[in-house]
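A short reminder: the numbers here are calculations on the coordinates, not readings from a lab. What you are looking at is a predicted structure, and each value in this text was computed from that prediction instead of being measured. Note that we place each Cβ from the backbone using ideal geometry, even for glycine, and neighbour counts take in every protein chain shown.
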Amino acid sequence: MKRKILKISLVGKTNAGKSTLLNNLVGEKISITNKKINTTEDFVIGIVNIKNTQLVLYDTPGISFLRDNKSQKTKLKKNLWEGLNQSDIILYLIDSKRMELNDLKNDFPKLYELKKNISIIFNKTDLIKAENLLKHIKLITEKYKIEKFFNISAKKKLGFENLIDYLLRKSKYGRWLYKDDEITDKDDIFITNECTRNEILSLIHKEIPYNIEVTNKTFKYLKNGQLKIKQDIIIKNDRYKKILLGRKGSKIKDIRIKSQKEISNILDVKTHLYINIISSDAKKI
Ligand SMILES: Nc1nc2c(ncn2[C@@H]2O[C@H](COP(=O)(O)OP(=O)(O)OP(=O)(O)O)[C@@H](O)[C@H]2O)c(=O)[nH]1
Ligand SMILES: [Mg+2]
């Protein structure tokens, strides 16, 4: 059978559920998800192969970055545009519980510049009555050219069939970009670093999670089959150290244990995680 392919960008406001959808379409946790805002910082690719078709899904950082002019976000914006430019179609996710049509007014003119078909996915429909969406669909179609509307629950995996049917229909004949058994462009080191970043995001407040970097020092399978990982949390400001450590080191212990558990689950191997906190100022000396 001749092979087909479709490259799809998942865009939408932070917290809309893009990474949850990516993970549940792929069937593995490859992109971290969190109830906090701006969880995804990189550009994560998920791959789903269905018969002769390869669906390549680009998970992007929340689209509010398009409007954010702070220089530290430049990398994120670049990642976002790269993803959008490479894709064949755009799926714009909306949190149905927090519908703000004003967001569309800001995002759509920019998205139309890409000259791609845009469909809207109303996500988190497990939290609302589906009939409430009709008035929104009417208002949106009066103003914007939208190819299709979908109602889904990314978390509960509802409404996936219609969405997948549509994606298969849109795919075009062409060579696959990834091998049959690949599910992401990211390796295990990226995902394990992300697990720790996600726990920091959950357990530490305010700006700190957005100003740290998690890097890997050791990633080694031991003779007994277990995995040993050493990570550094690089902080930009010395005063973050005290907060990350917590009382008598209780916070970092919590982060370490939760991340270790998540890594063990995702990679399906007993993992020993060690974490160091390093100040980026100290590195320069
Ligand atoms: N009830 C419900 N919650 C959902 C659904 N989809 C996602 N969530 C939750 O919404 C929160 C945000 O989900 P993410 O997948 O991290 O959102 P995102 O769009 O990737 O966010 P950014 O990476 O910050 O742009 C998480 O707590 C998810 O569990 C859904 O269908 N129903
Ligand atoms: Mg995300």
Quiz item: In nm, to one decimal, how far is the modelled label at Leu245 from the one at Asp126, with both set 7 Å along Cα→Cβ?
Solution: 4.1 nm
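Taking the chain on its own, what percent of its Cα-Cα pair distances exceed 26 Å? Write out the running numbers ahead of the final one.
Values: 19456 of 40470 pairs.
More than 26 Å apart: 48 percent of the Cα pairs in the chain.
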Quiz prompt | Charged-residue dipole, Cβ positions (Lys, Arg, Asp, Glu), the range 226-285 about Cα centre, Debye nearest 20 | solution = 300 debye
Quiz prompt | Cross-link partners of Lys172 among lysines (Cα-Cα below 17 Å; sequence separation of 8 or more within a chain) | solution = Lys2, Lys4, Lys7, Lys51, Lys116
Quiz prompt | Phi to ³J(HN,Hα) by Karplus 6.51 cos²θ - 1.76 cosθ + 1.60 over the range 51-60, Hz, x for Gly, Pro | solution = 6, 8, 10, 10, 9, 10, 9, 9, 8, 10
Self-check item: Residues with amide H under 5 Å from that of Asp185, placed H, sequence gap 5 or more
Solution: Ile45
Self-check item: Helical contribution to [θ] at 222 nm, DSSP H n ≥ 4, -39,500 (n - 2.57), averaged over the chain, rounded to 500
Solution: -11000 deg cm²/dmol
Quiz item: Can you give the alpha-carbon Rg of the range 4-173 over 2.2 N^0.38 Å, where N counts its residues?
Solution: 0.96
Exercise. Loop only per DSSP, at most 16 neighbouring Cβ atoms within 10 Å: give me the trypsin sites (Lys or Arg not before Pro) in the range 241-282, ordered by residue number.
Key: Lys270
Quiz prompt | Neighbourhood charge, 14 Å Cβ-Cβ cut-off, centred on Lys261 and excluding it, Lys, Arg +1 and Asp, Glu -1 | solution = +1
Quiz item: What residues from the range 5-39 fall in the zone where the backbone N is under 17 Å from a label point 7 Å along the Cα-to-C-beta line of Leu139?
Solution: 13
Self-check item: Nearest 10 degrees, 0 to 90: helix 74-86 Cα axis against the chain principal axis
Solution: 40 degrees
Self-check item: Mean projection area, nm², convex hull over Cα of the range 188-284
Solution: 6.2 nm²
Quiz item: So, counting K/R as plus one and D/E as minus one, what does the shell of residues with Cβ under 13 Å around Lys179 add up to?
Solution: -2
Exercise. Using Cα positions and a limit of under 20 Å, work out the lysines in reach of Lys230, with same-chain residues fewer than 8 apart set aside.
Key: Lys186, Lys217, Lys220, Lys241, Lys251, Lys253, Lys258, Lys261, Lys270, Lys283
